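J.: I'd like to ask you about the structure that follows.
The values are calculated or read from the model by the stated rules, or taken from the named source; none is laboratory data. Not measured: the values here are computed from a predicted model. When we count neighbours, we look across all protein chains shown, and the Cβ atoms used for this are built from the backbone with ideal geometry, even at glycine. Just the protein is used for accessible areas: all its heavy atoms, side chains included, with ligands, DNA and RNA removed. Shrake-Rupley method; radii C 1.70, N 1.55, O 1.52, S 1.80 Å.
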Amino acid sequence: MNFLTLVLVNLGRNKRRTVLTLLSVTVALFLFCSLRGVLDTLAASIRVGSETRLVTRNRISLIFPLPKAYVERIRAVQGVGRVTWGNWFGGTDPVDPGNFYARFAVDAETYMPMYASDVEIIEQDTPQGTGAVPAGVDPKLAAFMEERTACIVGQSLFKRMGWKVGQTVGATGTIFPGDWTWTIRAVYHAKDPAFGEEAILFHWEYLNERGMGGQGPVGWYTLELSQPERAGEITRRVDELFENSSAQTRTETERAFQAGFVSMYGNVPFLIGVIGLAVVFAILLVAANTMMMASRERTAEFAVMKTLGFEDAALFRLVLAEAAVITLSGGIAGAILAKFTLEKTGFNAGGLLPPMTVSWATVAIGVGIAVLMGLTSGFVPAWQASRLRIVDALRRLN
C-alpha cells in the first residue's frame, strides 16, 4: 500500500466527518472567492476605461452640470478628435422601483461612433424612412436615429426583462420628474463584459427638450484624442479654458474617471476582504478541531503503526497529508465553483455591478489559502502523533 492510498483509506474511515469537513471548506472558499470577485469586478470596470479618451466634468462634483456651449471650445483644442456628451438620467422602474438599471441620455451622432469598438449592435428594428445615418454611425441604428424617443438596450437587461425590439418601456423620473417612455429600436452587446449591459441609452435631445427646457446643460463630455501621447497637455489646456468660468472643469482619463466611481464605495472593498478572511478563519477552526478529534481517536492505531516500524516523520507526513487533502480538495472545488458559477450566470448584484468576474489570481489565492489551512489545521495533531510514545498510548487504553 503506497502513501497516497494509506491517506485516502484513513480519510474514508469516517466518511460523514470527512465529507462535512470538505463541504465546509468548499463553502468557505466559495464565499471568499465570491467576495474577492467583487473586487475583481470593480478593477475590471476601471480597466475597461480607455487611456485614449478623456472625460471632462464639473470640478465640484459630477452632479453639477456643464454648459452645452463648452463643446465647441473643447473641440478647438489641438489634439482633440471627437467630442461627445451625456447625462445620467436616473429614474425608477414604474412596475418595480427596486429593479435598478442605468439610463443615460447621449448624443447619439457622436457617442455611438466613439464607442463602436466597445459595443456591437446584435438586434435592431427596421427603419421607417430612408435608413440613412450620420457618418460613422452603424447602419443598424437607422431606426434608432430617426426617432427622438427611441432607445438602445443592453443585451443582459434586454434578456432579463423579457423585452422585444419595438416594445415601449417606461421610467418614473427622479432627477427629471414625470413619466418617461422610450421605444426599443436596437440591442447592444458589450465586447468586454466589464463595459456593462444593464443600461438604456436614449437621445440627449429628447431629454433636453422635455426635461431641461431646451437649456442644454451637460453631465459630462468625453473627448477622443487624435494625439493620445499629449493626453497630459490636453487635460491641462481644457481645464485652463474654463478656469475663470462659473462652471470650472476637471478633465481626466476615462480610466481615472471610472476609478473615481469605484472610490465612492469607500471602505467597502476593505470590509469585503475582512469578511472573506473571517469566514476562512472560522472554517480553519472547524478543520483544526476535526483533525484533532480524528487524531485522538487513532491513538492506539498510531501506537501499533510505530510498533510495526513506522517512523515519527512518516506519521507526521501522514496526518499532515490527510488534512491537506481535505482542505485542498475543498479549496479547489470552492474556488473553481465560484469562478464558473458567477461568470456563467452573469450575476451582477441586481444591476449594481457589471457582470461579475473572478480572476484566476483570486482562484490561485483561494487554493493557496486552502493549502495553508491544511498545513495549519494538521500541524498540531501531526506533531502529537509523531511524538507519541508507544507506552503512553497503551497506558491511555487501560
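J.: Using beta carbons and a limit of 6 Å, which pairs, at least six apart or on different chains, have the first residue in segment 376-390 and hydroxyl-bearing (Ser, Thr, Tyr) and the second one buried (at least 17 other Cβ atoms within 10 Å of the Cβ) and in a helix (DSSP H, G or I)?
T.: So the pair list comes out as 377/287; 377/288; 377/291; 377/323; 386/315; 386/316.
J.: Next question, about the same structure. Can you run down the residue pairs with Cβ atoms below 6 Å, 6 or more apart or on separate chains, where the first is in segment 43-67 and over 18 Å from residue 175 (Cα atoms) and assigned to a helix (DSSP H, G or I) and the partner is at pLDDT 80 or above and open to solvent by less than 60 Å² (accessible area, probe 1.4 Å)?
T.: Final answer for the pair search is 44/357.
J.: Going through segment 197-214 one residue at a time, which ones are in contact with a Pro (Cβ under 9 Å, 6 or more places away or on another chain) and either part of a helix (DSSP H, G or I) or farther than 20 Å from residue 103 by Cβ (or both)?
T.: 208, 211 - these are the residues of segment 197-214 that are in contact with a Pro (Cβ under 9 Å, 6 or more places away or on another chain) and either part of a helix (DSSP H, G or I) or farther than 20 Å from residue 103 by Cβ (or both).
J.: Within segment 300-331, how many residues turn out to be open to solvent by 20 Å² or more (accessible area, probe 1.4 Å) and among the β-branched types (Val, Ile, Thr)?
T.: 3
J.: Further, regarding this structure: Looking at (1) part of a loop (DSSP other than H, G, I, E, B); (2) open to solvent by 70 Å² or more (accessible area, probe 1.4 Å); (3) modelled with pLDDT of 90 or more, which is the one condition that is false for residue 1?
T.: Of the numbered conditions (1) part of a loop (DSSP other than H, G, I, E, B); (2) open to solvent by 70 Å² or more (accessible area, probe 1.4 Å); (3) modelled with pLDDT of 90 or more, the odd one out for residue 1 is (3).
J.: Moving on. For residues that are under 13 Å from residue 8 (Cα atoms) and of a type in the set (Asp, Glu), tally how many sit in segment 302-322. Step through it out loud before you land on a result.
T.: Filtering segment 302-322 for residues under 13 Å from residue 8 (Cα atoms) gives 318-322.
Of the ones still in play, those that are also of a type in the set (Asp, Glu) are 322.
The qualifying residues number 1.
J.: Please find, within segment 203-219, the residue that is surrounded by the fewest Cβ atoms within 10 Å (Cβ to Cβ) out of those that are hydrophobic (A, V, I, L, M, F, W, C) and within 10 Å of residue 87 (Cα to Cα).
T.: 207
Yes/no per residue for (1) open to solvent by less than 50 Å² (accessible area, probe 1.4 Å); (2) assigned by TED's automatic domain parsing to the domain that holds residue 149; (3) assigned to a strand (DSSP E or B):
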residue: 221; (1), (2), (3): yes, yes, yes
residue: 224; (1), (2), (3): yes, yes, yes
residue: 230; (1), (2), (3): yes, yes, no
residue: 234; (1), (2), (3): yes, yes, no
residue: 238; (1), (2), (3): yes, yes, no
residue: 243; (1), (2), (3): no, yes, no
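J.: Of everything in segment 21-34, what is surrounded by fewer than 21 Cβ atoms within 10 Å (Cβ to Cβ) and under 19 Å from residue 343 (Cα atoms)? Give them in sequence order.
T.: 27, 31
J.: Check off (1) out of contact with any helix residue (DSSP H, G or I) (no Cβ under 8 Å at 6 or more places or on another chain); (2) not assigned by TED's automatic domain parsing to the domain that holds residue 116 for residue 31 and give me the number that stays unchecked.
T.: Here residue 31 meets the rest and fails (1).
J.: Is it the case that residue 102 is more than 30 Å from the chain's Cα centre (by Cα) and over 30 Å from residue 237 (Cβ atoms)? Quick ask: steps written out before the conclusion?
T.: Values: more than 30 Å from the chain's Cα centre (by Cα): no; over 30 Å from residue 237 (Cβ atoms): yes.
It is false that residue 102 is more than 30 Å from the chain's Cα centre (by Cα) and over 30 Å from residue 237 (Cβ atoms).
J.: Another question, then. Among the listed residues 73, 17, which satisfies the condition of being part of a helix (DSSP H, G or I), over 30 Å from the mean Cα position of the chain (by Cα), assigned by TED's automatic domain parsing to the domain that holds residue 192 and at negative phi?
T.: Unique residue meeting the criteria: 73.
J.: Within segment 259-313, restricting attention to residues that are small (Gly, Ala, Ser) and farther than 30 Å from residue 28 by Cα, which residue is modelled with the highest pLDDT?
T.: 313
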